[in-house]
1. May I ask you to verify whether Ala26 is aliphatic (A, V, I, L, M) and either modelled with pLDDT under 85 or crowded, with 17+ Cβ neighbours inside 10 Å (or both)?
2. Counting just the residues of segment 29-56 that are over 26 Å from Thr137 (Cβ atoms), of a type in the set (A, V, I, L, M) and surrounded by 13 or more Cβ atoms within 10 Å (Cβ to Cβ), which one comes out modelled with the highest pLDDT?
3. For segment 106-131, how many residues meet the condition of being modelled with pLDDT of 90 or more and either surrounded by 19 or more Cβ atoms within 10 Å (Cβ to Cβ) or touching a Phe, Trp or Tyr at 6+ places or on another chain (Cβ under 6 Å) (or both)?
4. Looking at (1) in a strand (DSSP E or B); (2) among the aliphatic types (A, V, I, L, M); (3) at pLDDT 90 or above, which is the one condition that is false for Ala71?
5. Counting only residues that are among the basic types (Lys, Arg) and at pLDDT 85 or above, which one in segment 59-68 is farthest from Gly114 (Cα to Cα)?
6. Scan (1) over 18 Å from Met35 (Cα atoms); (2) modelled with pLDDT under 80 for the single condition Ala158 breaks and write down its number.
Amino acid sequence: MCQRDPRQCIIPPYINERLAKSDDPAVRSRAVANMQAAATMRAMRVMSQAMPSLMASASAGKTKNRQVFDAKGKDLLPGTLARSEGQAKTADKTVNEAYDFSGDTYDFYDQLFGRNSLDNAGMTLSSSVHVAETDDTGAFVPMNNAFWNGEQRRTVMATAQSSDPSQVRST
C-alpha cells in the first residue's frame with residue numbers, strides 16, 4: 001500500500017519514473033535530479049514527524065507573518081531573506097508574487113476555516129524563490145516542482161523544457 005501523503009506530492013512519482021527513461025538526456029537528467037530531491041524531502045518529512053518542535057516556527061504575535069527568501073539559482077535553502085511581513089514591494093516580481101500568494105494562503109485558511117495560518121498556531125509562512133536543483137551532471141537547473149518539507153513551502157512553476165530564467169516563475 002502507498003505510504004505517501006497526497007498533500008505532499010505534487011508530481012506523482014510514476015511521472016518522474018517515466019521521464020527518467022526518456023530518450024532525451026536533458027529530460028532524463030532533470031527527472032533523476034527530481035527523484036533524488038524527492039527522496040531527500042521524504043527523509044525530511046520523516047524527521048519532521050519524529051521531531052515536530054524543531055520544524056515550523058510560529059510568528060511572535062500569531063498573526064500573518066510572511067518571509068520570502070531568494071535562493072539565487074542554487075539549492076541552498078532557504079536562501080537570503082528578500083522580503084518579510086510589512087515590507088514594501090521589491091524590484092523582483094517573483095519575490096512579490098511569493099509574498100502576495102502566501103498572504104492569499106493565510107487569508108484562505110483564516111476566512112474559510114477560521115485558522116491562524118496553516119497550523120492554526122500562527123505558523124510563519126516562509127517561501128523560497130529562484131530555487132534550482134542539480135541535474136545528474138552537477139549543473140544547476142531551475143526547479144520544476146513544488147513541495148512542502150515540513151519547514152517551508154516551495155512552489156516552483158516553469159515550462160518543462162525551459163532553461164531560460166525569464167520563463168521560470170517560482171514562489
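1. So Ala26 does not fit the description; no.
2. My answer is Met47.
3. Going through segment 106-131 one residue at a time, the tally reaches 1.
4. (3)
5. So, considering only residues that are among the basic types (Lys, Arg) and at pLDDT 85 or above, the one farthest from Gly114 (Cα to Cα) is Arg66.
6. Failed condition: (1).
The values are calculated or read from the model by the stated rules, or taken from the named source; none is laboratory data. Please read all numbers here as calculations on a predicted model, not as lab measurements. When we count neighbours, we look across all protein chains shown, and the Cβ atoms used for this are built from the backbone with ideal geometry, even at glycine.
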